[in-house]
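So the structure is just underneath, and the comments pick up after that.
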Amino acid sequence: MLANEVLRRIRSVVGADGPVALHEPVFCGNEWRYVKEALDSGWVSTAGERGVEFERALARAVGVPHAVALVSGTAGLHLALHLCGVRPGDEVLVPAFTFVAAANAVHYCGAVPHWVECSTGTLGIDPAKLAAHLSSCCAPGPDGSVNRTTGRPLRALVLVHAFGHPAEADAVREVCRAHDLSLVEDAAEALGSSDRGRHPGSWGRAGVLSFNGNKTITTGGGGAIVTSDEALAARARHLSTTAKSGGVLQWSHDAVGFNYRMPALNAALGCAQLEALPRLLGAKRALAEAYRAAFDGLEGVSLFREPAGAKSNYWLNLLLLEPRCRDERDAILEAANRDGVATRPAWTPMHRLPMYRDCPRMDLSITEDLAARLIALPSTPRLGAPPPA
Ligand SMILES: *Cc1c(COP(=O)(O)O)cnc(C)c1O
């Protein structure tokens, strides 16, 4: 019953029939032109002006001095954690309610994720619960904080802005300061969001963005580190290009680097997509409003709203079932997907994944509860506004 009514209301927003994807890229500006120019010029690889241009435009969009374009958001998280000094045997605090990339990036560093609880208001880390947990589980060590139970150094924290909704970065940063943790922001989903005028990714030592095909803008595949720390940006550039040093007479490498730089072909696409960002954000906001209006008055479900004081990019619109309707979730997902409307459950919490089951953690009952009650709705910007002629 509820499932059919939910489907009817989604259909009233996304169109009466035909398949509807969860999130498709929209190319309605200079994309074809810039990619063709890259092909015509031959500058398709990691050197070339487009990469520099994309980084400048990105830094401007986020409001930080430096952006380093990379092959993926995951690569950005790995490199950012490495640059913050995360080493084998360390622990890194990561929300249990997130996409698996941050957890994997911690693992690539040889470190162990330590799961943190989220809040129902933002879907991001709950700063009060984090502070209480750290006060009881960590102690000052010779070289930063140490987890009293495991004996491992707590080196960093990844703050995720889930589904584009700004997390409580000010408060989380205070907790990080108090416990000597480097703050890395996973803003992969949050391009164009803001919290009292400030862009996600600008609070931490480093912020990470993603331009995967399903994100707000895409470079095909890609990501970036954004930062105010000039030395960190320079180091990120260096290490992401195999730590190449010297010159044409004798190229060399002065550290173990990574091949993580974004090719200029992808950056060309990114330049055009960034030009379109304001239009895409407007369309996504209109779509969020359309969903809200469509579900107005339906008991048991509501649309998840941007946190008070913040502006979300509404990367994926989320339907939140009231606790008494949580058992309807699978029926809703089934009815919608059977009808061709792509809808998805939220992430499986990280501590439920087989490879991360035994990591340290705090109480995660809010994470468990939210994961069982959220449904992601089709959110291609085009659905919120007719494509420009
Ligand atoms: C997409 C995403 C990433 C990873 O980005 P890729 O570019 O796909 O590697 C990381 N974190 C979150 C929250 C994401 O949604």
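Table for the structure above
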| quantity | calculated |
| --- | --- |
| Unique match (being at pLDDT 95 or above, closer than 24 Å to ASP195 by Cα and more than 12 Å from the ligand (Cβ to nearest atom)) among VAL62, VAL92, VAL112, VAL86 | VAL62 |
| Condition check for THR120: away from the ligand (no atom under 16 Å from the Cβ) and in a loop (DSSP other than H, G, I, E, B) | yes |
| Residue that is surrounded by fewer than 24 Cβ atoms within 10 Å (Cβ to Cβ), touching a Lys or Arg at 6+ places or on another chain (Cβ under 9 Å) and touching a residue at least 60 places away in the same chain (Cβ under 8 Å), where the choices are VAL112, VAL92 | VAL112 |
| Scope the range 178-191; condition of a type in the set (Gly, Ala, Ser) and either within 13 Å of the ligand (Cβ to nearest atom) or buried (at least 24 other Cβ atoms within 10 Å of the Cβ) (or both); matching residues | ALA187, ALA188, ALA190 |
| Number of the condition not met by LEU79 [criteria: (1) hydrophobic (A, V, I, L, M, F, W, C); (2) in contact with a Pro (Cβ under 8 Å, 6 or more places away or on another chain); (3) within 16 Å of the ligand (Cβ to nearest atom)] | (2) |
| Search result, residues across the range 2-20 that are touching a Pro at 6+ places or on another chain (Cβ under 7 Å) and surrounded by fewer than 15 Cβ atoms within 10 Å (Cβ to Cβ) | none |
| Long-range neighbours under 6 Å by Cβ, at least six apart or interchain, first residue farther than 30 Å from LYS244 by Cβ within the range 25-48, second at pLDDT 95 or above | PRO25/GLY213; PRO25/THR218; GLY29/ALA272; GLY29/GLU275; GLY29/ALA276; ASN30/ALA272; GLU31/LEU269; GLU31/ALA272 |
| Scope the range 1-48; condition of a type in the set (Gly, Ala, Ser) and either in contact with a helix residue (DSSP H, G or I) (Cβ under 6 Å, 6 or more places away or on another chain) or modelled with pLDDT of 95 or more (or both); matching residues | ALA3, SER12, ALA21, GLY29, ALA38, GLY48 |
| Set ARG338, ARG373, ARG352: member being modelled with pLDDT of 95 or more, surrounded by fewer than 19 Cβ atoms within 10 Å (Cβ to Cβ) and under 22 Å from the mean Cα position of the chain (by Cα) | ARG352 |
| Candidates HIS78, HIS133, HIS107, filtered to the one that is of a type outside the set (D, E, K, R) and more than 19 Å from the chain's Cα centre (by Cα) | HIS133 |
| Residue list for the range 209-235, filter: of a type in the set (A, V, I, L, M), crowded, with 24+ Cβ neighbours inside 10 Å and in contact with a strand residue (DSSP E or B) (Cβ under 8 Å, 6 or more places away or on another chain) | LEU209, ALA224, ILE225, VAL226 |
| Sole residue being within 16 Å of the ligand (Cβ to nearest atom), of a type outside the set (Phe, Trp, Tyr) and more than 23 Å from ALA371 (Cα to Cα), chosen from VAL208, VAL175 | VAL208 |
| Long-range neighbours under 6 Å by Cβ, at least six apart or interchain, first residue closer than 24 Å to THR216 by Cα within the range 165-181, second part of a helix (DSSP H, G or I) | GLU168/PRO127 |
| Among residues of the range 61-76, those that are crowded, with 24+ Cβ neighbours inside 10 Å and part of a strand (DSSP E or B), counted | 4 |
| Restricting the range 293-309 to residues that are under 17 Å from SER194 (Cβ atoms) and more than 16 Å from the chain's Cα centre (by Cα), the residue that is surrounded by the most Cβ atoms within 10 Å (Cβ to Cβ) | PRO307 |
| Single unsatisfied condition, ASP254 versus (1) among the acidic types (Asp, Glu); (2) closer than 30 Å to LEU239 by Cα; (3) surrounded by 14 or more Cβ atoms within 10 Å (Cβ to Cβ) | (3) |
| Flag for LEU157 being touching a residue at least 12 places away in the same chain (Cβ under 8 Å), within 16 Å of the ligand (Cβ to nearest atom), of a type outside the set (Lys, Arg) and not in a strand (DSSP E or B) | no |
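The values are calculated or read from the model by the stated rules, or taken from the named source; none is laboratory data. Computed from a prediction, not measured in an experiment: that's the story for all the values here. Every residue, glycine as well, gets a Cβ built from its backbone with ideal geometry; the counts of neighbours run over all protein chains shown.
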